[in-house]
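Before any comments, here is the structure.
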Amino acid sequence: MDLKNMREQIDGIDEQIVSLFKNRMRIVHDVAEYKRLNNLPVLHTDREQQVLDRVAAMATDPVTGDDLSDYVRFLFTTIMDLSKTQQNNDLTADTRLSRTIHQALEDGRTLPVAPVVACQGVDGAYSSMAARGMFSDGKLRFYQDFSDIFESVKRGECDIGVLPIENSTAGSVNNVYDLMKKYQFHIVRGYRLEVRHCLLAKPGVHFDDITDVYSHTQAISQCHDFLQAHPNIRVHLYSNTAAAARFVSECGDRGVAAIASRECADIYRLNVVLDEIKDAKRNYTRFIAISNKMLITEDANRMSVALTLPHEAGSLYKLITQFAMLELNLTKLESRPLPDTNFEFLFYFDFTGNAANEHIIKLLTRLEQQCDYFAFLGNYRELDSSGAIS
Ligand SMILES: C=C(O[C@@H]1C=C(C(=O)O)C=C[C@H]1O)C(=O)O
């Protein structure tokens, strides 16, 4: 057996496959044109079934017993997916989404100057640090709940809303993901903040004096090992890390402490009793800035979409293939159960890319046509707390 010779044979066969594939796709172009003239949908499920049954039958050899029918079914499923992708590209009409994206690309592509920025919690909270990192000229306005942030942007009370969406230790902020379905908004910036949790107490208080610690549930879960190593300290949940710091500064009991940022120590005149008490060496939280206007800055390199997929074998795979074909890197996939359904999910995808690429606009338009629910959440740049672009 000669490997070189075998590979030459494979090369020869590949040439035939490519040549036949090109012929097939040429005819598929004509089919798309026929469908456009006769107003027919791209997908024809019965025809696909016939194609699959026919080619699968050809892939079994009654004499040798060789059976490649499963492989051939898979191969032709992929070939027909590509055929539909091409037809959809041929037929992609001028939709409202593609017009809105083109408009956003033509409009002035800069973020608002000196915007009013909605943040959850109180000053010193990580959201406020992210807000200042993204909008150094912004005027911060604080709200109690994440839903208030969406509301304030919707009502036009604030130009921008800042929300945490993911932490590298504790995972996604599910509340925020669930609220995203309820509101219409556009992501205009992303920010990755390095989170450093400190133990803060009143001046003069030593570590051994501390009996109770207050903080937000996420911060507590990120400091789990530290708290477990000190079981005599009672743990209390608080609405927000900075609010916990403020509570400690106002509380008469000197045995209380808060887990919050170093910035909170300055704002609420507390001392840093212990620096860096989180478990993981590096801990980041990702934030998004939302607006009710689609705004795509020139440096945008990340996209977010939300969609539902049919309950069918391979539907997620087929979707991801479409991203892969455009060499778009998926950076996050989150799924959240849809209320009042039988385990149906809403998927959130983040991927790399800039909407100035016409192929991406076509992909988005296609997804909008294919999915029962589809929302283009935005195309934006993600910065990190060092000021660098990630
Ligand atoms: C080419 C067609 O469009 C689609 C693609 C098919 C294919 O590539 O074979 C088959 C059925 C349709 O879902 C067609 O309708 O024949």
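The values are calculated or read from the model by the stated rules, or taken from the named source; none is laboratory data. Because the structure is a prediction, the values reported are computed rather than measured. FYI the Cβ positions are ideal-geometry reconstructions off the backbone, even for glycines, and counts take in every protein chain you see.
Quick check: is even one residue across the stretch 135-142 surrounded by 21 or more Cβ atoms within 10 Å (Cβ to Cβ) and at pLDDT 90 or above?
yes
Being closer than 24 Å to K318 by Cα and β-branched (V, I, T) is the filter here; which residues of the stretch 49-100 pass it?
Once the filter is applied, which keeps residues that are closer than 24 Å to K318 by Cα and β-branched (V, I, T), the stretch 49-100 yields V51, V55, V72, T77, T78, I79, T85, T92, T95.
Considering every residue within the stretch 321-334, establish whether at least one is modelled with pLDDT under 85 and among the aromatic types (F, W, Y).
The answer is no, given that none of the residues of the stretch 321-334 is modelled with pLDDT under 85 and among the aromatic types (F, W, Y).
Within the bounds of the stretch 110-118, is there any residue that is in contact with a helix residue (DSSP H, G or I) (Cβ under 7 Å, 6 or more places away or on another chain) and either part of a helix (DSSP H, G or I) or within 16 Å of the ligand (Cβ to nearest atom) (or both)?
No - not one qualifying residue is present in the stretch 110-118.
When the stretch 66-75 is examined, which residues are found to be over 31 Å from the mean Cα position of the chain (by Cα) and either charged (D, E, K, R) or outside any loop (DSSP other than H, G, I, E, B) (or both)?
D66, D67, S69, D70, Y71, V72, R73
Go through the stretch 37-47 residue by residue and tally those that are part of a helix (DSSP H, G or I), more than 6 Å from the ligand (Cβ to nearest atom) and under 21 Å from T77 (Cβ atoms).
Selection size over the stretch 37-47: 2.
For the stretch 99-112, does any single residue satisfy the condition of being within 29 Å of the chain's Cα centre (by Cα), closer than 30 Å to I149 by Cα, surrounded by 13 or more Cβ atoms within 10 Å (Cβ to Cβ) and β-branched (V, I, T)?
Checked against the condition, which is being within 29 Å of the chain's Cα centre (by Cα), closer than 30 Å to I149 by Cα, surrounded by 13 or more Cβ atoms within 10 Å (Cβ to Cβ) and β-branched (V, I, T), the stretch 99-112 yields at least one hit.
Each row is one residue, and each column tells you yes or no for (1) part of a helix (DSSP H, G or I); (2) more than 9 Å from the ligand (Cβ to nearest atom); (3) assigned by TED's automatic domain parsing to the domain that holds A356.
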{"site": "E8", "(1), (2), (3)": "yes, yes, no"}
{"site": "L20", "(1), (2), (3)": "yes, yes, no"}
{"site": "H29", "(1), (2), (3)": "yes, yes, no"}
{"site": "K35", "(1), (2), (3)": "yes, no, no"}
{"site": "A56", "(1), (2), (3)": "yes, yes, no"}
{"site": "T64", "(1), (2), (3)": "no, yes, no"}
{"site": "M80", "(1), (2), (3)": "yes, no, no"}
{"site": "T85", "(1), (2), (3)": "yes, yes, no"}
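Checking the structure you have, find out if any residue of the stretch 288-306 is of a type in the set (A, V, I, L, M) and either surrounded by fewer than 19 Cβ atoms within 10 Å (Cβ to Cβ) or farther than 27 Å from K332 by Cβ (or both).
No, because not a single residue in the stretch 288-306 is of a type in the set (A, V, I, L, M) and either surrounded by fewer than 19 Cβ atoms within 10 Å (Cβ to Cβ) or farther than 27 Å from K332 by Cβ (or both).
Can you tell me how many residues in the stretch 93-139 are in contact (Cβ under 8 Å) with a residue 24 or more places away in the chain and within 15 Å of S261 (Cβ to Cβ)?
Qualifying residue count, the stretch 93-139: 14.
Tell me, please, whether a residue that is surrounded by fewer than 19 Cβ atoms within 10 Å (Cβ to Cβ), modelled with pLDDT under 90 and out of contact with any Phe, Trp or Tyr (no Cβ under 9 Å at 6 or more places or on another chain) can be found in the stretch 113-127.
Scanning the stretch 113-127, I find no residue that is surrounded by fewer than 19 Cβ atoms within 10 Å (Cβ to Cβ), modelled with pLDDT under 90 and out of contact with any Phe, Trp or Tyr (no Cβ under 9 Å at 6 or more places or on another chain), so the answer is no.
Being of a type outside the set (A, V, I, L, M, F, W, C), within 18 Å of the chain's Cα centre (by Cα) and either closer than 27 Å to P41 by Cβ or outside any loop (DSSP other than H, G, I, E, B) (or both): is that true of T331 here?
The answer is yes for T331.
Kindly establish whether V162 is assigned to a loop (DSSP other than H, G, I, E, B) and either in contact with a helix residue (DSSP H, G or I) (Cβ under 8 Å, 6 or more places away or on another chain) or not hydroxyl-bearing (S, T, Y) (or both).
Taking the combined requirement at face value, the residue does not satisfy it.
Please determine whether any residue of the stretch 144-161 is among the small types (G, A, S), more than 16 Å from the ligand (Cβ to nearest atom), farther than 16 Å from N292 by Cβ and assigned by TED's automatic domain parsing to the domain that holds A306.
No, the stretch 144-161 contains no residue that is among the small types (G, A, S), more than 16 Å from the ligand (Cβ to nearest atom), farther than 16 Å from N292 by Cβ and assigned by TED's automatic domain parsing to the domain that holds A306.
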